[in-house]
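Heads up: the structure comes next, in structure tokens.
The values are calculated or read from the model by the stated rules, or taken from the named source; none is laboratory data. None of the values given here were measured: they were computed from a predicted structure. FYI the Cβ positions are ideal-geometry reconstructions off the backbone, even for glycines, and counts take in every protein chain you see. For the accessible areas, the whole protein counts, side chains as well, though only heavy atoms, and no ligand, DNA or RNA atoms are used. Shrake-Rupley method; radii C 1.70, N 1.55, O 1.52, S 1.80 Å.
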Amino acid sequence: MSGVKTLSEFIIEKQDDFPFASGELTRLLNDIVIASKIVNREVNKAGLADILGATTQENIQGETQQKLDVFADDQFIAALKNGGEACGIASEENDDFLAFDSLRSKNGKYIVAFDPLDGSSNIDVNVSIGTIFSIYRRVSEMGTLATEADFLQKGENQVAAGYVIYGSSTMLVYTTGNGVNGFTLDPSIGEYCLSHPNLSIPKNGKIYSINEGNLAYCSDAINNYITYCKEIDKPTNRPYSARYIGSMVADFHRNMIKGGIFIYPETTKAPKGKLRLLYECNPMAFLMEQAGGIASTGKHRIMEIEPEELHQRVPTIMGSKNMVKELLSLYK
Ligand code: AHM
Ligand code: MG
């Protein structure tokens, strides 16, 4: 044997962590893995194929859909529908949730909420983008169609969550509530291999990540914090460095490894912030907490929010424990 641990081997090994596990979650994760490999293949040759640029459609949030957004959405839906472990899905690109109606899917235990391709504005310019997913056990009766209540669950109820980053290499990072592990896709064998076991975010960091172009629309707390980040103070390693990619997955991944804070706050233009609770903030909050960091709106722990609608937005602050605490103290 090679000594390399593949993601499939790892998932099967971890199946034993779940009492009464029957392999459905394992199969569900494998469906996501397969779809991500297909998306990765397309992302890698995007400049060559006729798949760059916008479609003529908008999603429910009024954003123009990119061709790759739609392609990725179709791949994840197909994989999850055919897999039969999920009874339904919700995604950034679909106005409403989809309830799968085959007999097998109606008996599926899980629902998946996902953002098929996050960081859409970076697709055409060859900058890292990602996929984010969140898995819940359904609350509706088995054997029936999925209902909205299956999706409107608190982040605390997540069974698993993760992201794929299509970057200088492609990685899949996920948690099932027992820590966070990262796998790098080895293109020569087409397998994700364990490369970042037991990921934990440093308690302190020196990177802040926010769209500073919006500061004029931000609260005093945010403005004061950014001023603080830029002040000279050797003992606290300030000034911090500014890094903002505009792909949450990439900003989050960097901060996870190096330490840092990611902020997409409420603004006067967008009073609820921009990022969506179900398929962007909750899964990332689950990963962040599992890695030892904090995920907050500024006022509430993200995973405690009772969702009211599928595409609900929430202000987002995530990152190294001490950095987030510094910012939260300014909210008080
Ligand atoms: P998207 O899902 O339409 O791509 O939007 C989400 C993205 C995040 O990845 C990123 O952090 C943010 O939007 C950037 O927004 P802005 O350009 O307003 O800074
Ligand atoms: Mg997104």
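Which count do you get for residues in the stretch 261-303 that are within 16 Å of ligand 2 (Cβ to nearest atom), open to solvent by 30 Å² or more (accessible area, probe 1.4 Å) and not in a loop (DSSP other than H, G, I, E, B)?
So the answer is 1.
Return the pairs, sorted by first residue and then second, in which the second residue is open to solvent by less than 20 Å² (accessible area, probe 1.4 Å) and hydrophobic (A, V, I, L, M, F, W, C), the first residue lies in the stretch 201-225 and is under 23 Å from MET284 (Cα atoms), the beta carbons are less than 6 Å apart, and the residues are 6+ apart or on different chains.
Taking only residues 6 or more apart or on different chains, the pairs are ILE201/MET256; ILE201/ALA291; GLY205/MET323; TYR208/CYS229; TYR208/ILE261; SER209/PHE262; ILE210/ILE263; TYR225/LEU327.
Scan the stretch 156-165 and give yes if some residue there is in contact with a Leu (Cβ under 9 Å, 6 or more places away or on another chain), open to solvent by 30 Å² or more (accessible area, probe 1.4 Å), part of a helix (DSSP H, G or I) and in contact (Cβ under 8 Å) with a residue 12 or more places away in the chain, otherwise no.
no
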